[in-house]
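Notes follow once the structure below has been shown.
Computed from the coordinates by the stated procedures, all read-outs in this text should not be read as laboratory data. Only a predicted model underlies this, so the values are computations on that prediction, with no experimental measurement involved.
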Amino acid sequence: MGVYKRGKFWWWAKTINGRLVRESTGMRTREKAEEVFAEVVKALAVGTYVPEDHRPVELPRPFEMVGASY
């Protein structure tokens, strides 16, 4: 696949393990987007790439939430 423009930002698309994965590069120029895509391909080759929907999300801790409201 490769990079393509969607709105103001460039996105990349690639089939990974039979599944089409598309993510924003966060870049507004094609050159920078292609650099990001090259890093993704490199991470795939090494086995360190984690799809955006599988990345850990940092949530606030419940005690800190309660403490902040008092």
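Some values worked out for this structure:
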| read-out | value |
| --- | --- |
| Amide hydrogen neighbours beyond the local backbone of Tyr49, cut-off 5 Å, H modeled | Leu44 |
| Built amide H within the under 5 Å cut-off of Trp11, gap 5+ | Tyr4, Lys5, Arg6, Thr25 |
